[in-house]
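The values are calculated or read from the model by the stated rules, or taken from the named source; none is laboratory data. Remember, predicted model here, so these are calculated numbers, not experimental data. Here Cβ is always computed from backbone atoms with ideal geometry, including for glycine, and neighbour counts include all displayed protein chains. The accessibility values were calculated without ligands, DNA or RNA, using every heavy atom of the protein model including side chains. Shrake-Rupley method; radii C 1.70, N 1.55, O 1.52, S 1.80 Å.
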Amino acid sequence: MEVEVKLRLSDASAHQKLTDLLSPFHVQTLIQENIFFDGSSAELSSNRAILRLRFYDGVSPCVLSLKAKPVISDGVSRVQELEEPFDPVLGRACVAEPWRLSVVDSSALLKRVREEYGVREEGLGFVCLGGFRNVRGLYEWKGLKIEVDESNYDFGTCYEVECESSNPERDKKILEKLLEENGIRFQYSEVSKFAIFRSGKLPE
């Protein structure tokens, strides 16, 4: 189970103010490309699950993830998640021809998806839903590993702070205090990035 604090920043100026504030604690910036897949008969989404390929900095490395049964409440997200490394060349081939995911035999995660959700080689198998680009700044501050995201969709850009946590209520208060004391406007995230992508519009 992945548990994260998720706070949505109001706009680009709030994002800039926070990244400037955290700049002494900057560890790394990642350019992520997130591509999502479902079964041709919505076998995954009808069971509140989704398959994602994440590419970093254009080509390598690549991570395959299965996320299921997400719940987000009061700025805390909980989701069942499985991940495994995936060959980036094969990953690009699967984006171009999603049926290839049905015949990859080197992935334990894909084998589980095919068996548990019934996505089969017969018919179309998997379909590609598209995706979005995310620029993620990683920071280590007061014992927290903070991710500051700029998510670029075809219909606009969202800004969000995330922090994976074993004590989300405590860490949420720490982040809220940081933002409030520095006049950075925010609100609790109510939906996931994937849900925003699928809705085709930015949260109000």
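With respect to (1) open to solvent by 40 Å² or more (accessible area, probe 1.4 Å); (2) touching a Ser or Thr at 6+ places or on another chain (Cβ under 9 Å); (3) not in a helix (DSSP H, G or I), the lone exception for Arg198 is condition (3). Restricting attention to the stretch 68-88, the residues that are open to solvent by 70 Å² or more (accessible area, probe 1.4 Å), closer than 30 Å to Lys173 by Cβ and assigned to a strand (DSSP E or B) total 5. Please verify whether the stretch 76-97 includes one or more residues that are modelled with pLDDT of 95 or more and within 23 Å of Ala14 (Cβ to Cβ). The answer is yes; a qualifying residue exists.
So which of Leu21, Leu9 ends up being under 25 Å from Glu181 (Cβ atoms), open to solvent by less than 40 Å² (accessible area, probe 1.4 Å) and at pLDDT 95 or above?
When all the criteria are applied, what remains is Leu9.
Just need a number here: residues in the stretch 32-51 that are among the charged types (D, E, K, R), within 19 Å of the chain's Cα centre (by Cα) and open to solvent by 20 Å² or more (accessible area, probe 1.4 Å). Walk me through it before giving the result.
Narrowing the stretch 32-51 to residues among the charged types (D, E, K, R): 33, 38, 43, 48.
Cutting the leftovers down to within 19 Å of the chain's Cα centre (by Cα) gives us 33, 38, 48.
Checking which are open to solvent by 20 Å² or more (accessible area, probe 1.4 Å) leaves us with 33, 48.
The number of residues fulfilling the criteria is 2.
With the structure loaded, tell me whether Arg120 is of a type in the set (Lys, Arg) and within 19 Å of Asp20 (Cα to Cα) or whether it fails that test. So Arg120 does not fit the description; no. Let me spell it out: the conditions are (1) more than 25 Å from Glu140 (Cβ to Cβ); (2) in a strand (DSSP E or B), and Gly91 meets all of them except one. Which number is the exception? With respect to (1) more than 25 Å from Glu140 (Cβ to Cβ); (2) in a strand (DSSP E or B), Gly91 is out only on (2).
Of the numbered criteria (1) at pLDDT 95 or above; (2) more than 19 Å from the chain's Cα centre (by Cα), the one Gly118 fails is (1).
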